[in-house]
Amino acid sequence: MKLTEAQAWFQAHGLAVSWRQDIGLDGKLADAILRPPPGASIPLDPLGLAIVVPDIHLAVGNDPFRFNDVNRARRLEGFLRALLALRDELGGQFQGFDCVQLGDFYDLMRAPGLSAHAKRANIDAQYPQVMQLCRALPMLHCIGNHDKDFWLEPPPTDEANYALARTLGSPQLLCFHGHDKVTMFNIVVHNWAETLALTALNVINTLPLLGEFTAWLQATGDQSLEDDAIDETTSEAWDEGVQGPVGWTAPWVARADAADLGNVIRGFEKGLGQQVQVAFIGHSHRPGISWAPVATRRVALIDVGSWTYGRTEFAIVATDGIGLAHL
Amino acid sequence: MVCKFQLLSLLLLGATLGCSSADPWRGCTLCLQTGLVPGLQRAADPKPPLLAAEPHCAPLPSTGLPDEPESVDDLDALLGRGRVCGPSGQLSTSHPCTSLGDHGWRVVSGPTPNGSRPYCGAATPACPNQSLTITRKGADPLLVEFYDDPSSHRSALATNCAGGRDLSPCYYRLGHIAIAMRL
């Protein structure tokens, strides 16, 4: 399935999908679509199409996903139902389909409970339809920093399938949360003091009156009172003459931490024993198509965005290109 | 019961606010084996490097990843001064290792050219070997020598950046490590 066919499919099923707009090399706004070099295709085989979903941050109380609007859960359910129908339709054409989620699906830092299992159960109880649809797909999760507890305490794989990183079709398409090497390290080696403090704080947040005050303090402290990326939807300017990976085209955006993300991608390459062509990340909630210096190459780096504060961003991965979309 | 638990949680919160987590190892590792050229395991590397019997002076046949140099060489990685062309069109600092100072190490001397014969042959246009001495409290100094691998010099792509043409073309690899052991 081609990108335009996928967009048309969503629209035919009642979901208006638009491409993100970023500033191209000519200074004009362009669809945020990454195209491979002429004659080449996105190495998606054996899949026919894939959807990449970024951070969602389902939580209890101080919930950046719902953020005082219960209709946002209904909208996510509608999107997941559409993905199920798309999966079945592609399966009928003998084409594979994957849906990878880039981590921070659960926000365990903002849910009461004494264990990852208890926190997940509390969030699941708030979003039963979402969980049922994710299991039916199944949605394949990466571990983020807000659900890093799943490294040591993973859910049963038939309930939620978690991994530190994933590939899409071939190992040349890599998905991970977008940690630099320090936060990646913190997944493996827990900061128990932070975990204990957050566990205690989230229990206090459930108290009447005092809990409302401490939840407000938490939201102020972790800057989740508002979406701090909402006004940063355009790309940073480029210096003249800087291009992306050889032959690839996109309205490239600048990214300050790309050099260190390149080190992480290089580490995954050594683990996979293969060069990566495109890496998908979340974490920053700032979508855009960029690239990272990896060894002597430039690897396309796609930040897919988030579903926090009413945003609905995702990537459509087709053989002829990768598009950053939103509902 | 719930109230007692919540009170306990409040006390726990107060008790943990002043705590700092232990500082676990998260930097690079110098890998040594008698008779082999030392190697640098970078922070994101999943396993130690395969140590070679001879210095790397030409591309090697590879079974997995192509034998390609890293974006930052061993010397700059250890010293935290690696510069790469980033997607802002400007040079960015890359940190394949954490700072030596984070782990109590400090540079005693160098890096300075030491005048020894280049590992990759006098006929090749190699940059001079560099010596670096580092130490930390309670440990004997490490004397580290780096050699330039001309086959890994920066490509034009890596320097196609504002200020990128000023980058050194040298690519320094770990060559020799000695310990001045006080007995």
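Key figures for this structure:
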quantity	calculated
Shielding score for A:292-301, defined as the mean number of other chain Cβ atoms within 10 Å	5
Placed amide H near A:Val299: partners under 5 Å, 5+ positions off or other chain	A:Ala292, A:Val294
Structure-based [θ]222 nm, the protein assembly as shown - -39500 (n - 2.57) summed over DSSP H runs of at least 4, per residue, nearest 500	-7500 deg cm²/dmol
Cα gyration tensor shape for region B:20-132, rounded if a/c is under 1.5, else prolate or oblate	rounded
Helix axis angle, A:210-221 relative to chain A longest principal axis, alpha carbon, degrees	30
Counting DSSP beta bridges with both ends in chain A, the antiparallel % (nearest 5)	60
Other-chain or far-sequence residues with amide H under 5 Å of A:Leu164's (modelled H)	A:Ile143
Region A:3-16 - phi-based ³J(HN,Hα) in whole Hz, Karplus 6.51/-1.76/1.60, Gly and Pro as x	4, 5, 5, 5, 4, 5, 4, 4, 5, 5, 9, x, 10, 6
Dimensions (Å) - the protein assembly as shown, Cα atoms, principal axes, largest first	72, 62, 39
Stokes-Einstein D (µm²/s) once Rh is taken as the Kirkwood radius of region B:69-157 over alpha-carbon pairs, at 10 °C in 1.306 mPa s	108
Tilt relative to chain A, helix A:258-272 - C-alpha long axis, 0 to 90 degrees, to 10	80
Unit charges at the beta carbon, dipole of region A:3-326: most positive-side option, A:Leu152, A:Gln218, A:Leu324	A:Leu152
Relative contact order of chain A, pairs being alpha-carbon contacts under 8 Å that are 6 or more residues apart, as %	29
Cα-centred dipole magnitude for region A:3-326, charges only on beta-carbon of K, R (+1) and D, E (-1), debye, nearest 20	520
Sequence ranges A:309-317, A:89-97, A:158-166, ranked by mean other-Cβ count within 10 angstrom, highest first	A:309-317, A:158-166, A:89-97
Peptide-level mean, for A:252-260, of C-beta atoms on other protein chains within 10 Å	6
Spherically averaged projected area of region A:49-143 from its Cα convex hull (nm²)	5.8
Cα-based equivalent ellipsoid of region A:1-92: semi-axis lengths in Å, sorted from largest, via gyration tensor	28, 21, 13
Distant-in-sequence amide H partners of A:Asp104 (H built 1.01 Å from N, under 5 Å)	A:Gly144, A:Asn145, A:His146, A:Asp147
From phi via Karplus (6.51, -1.76, 1.60), per-residue ³J(HN,Hα) for region A:158-164 in Hz, x at Gly/Pro	6, 9, 7, 9, 10, 8, 5
Under Karplus coefficients 6.51, -1.76 and 1.60, residue-wise ³J(HN,Hα) of region A:77-87 in Hz, glycine/proline x	4, x, 5, 5, 5, 5, 5, 4, 5, 5, 4
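Just so you know, all these numbers are worked out from the coordinates, no wet-lab data involved. Remember, predicted model here, so these are calculated numbers, not experimental data. FYI the Cβ positions are ideal-geometry reconstructions off the backbone, even for glycines, and counts take in every protein chain you see.
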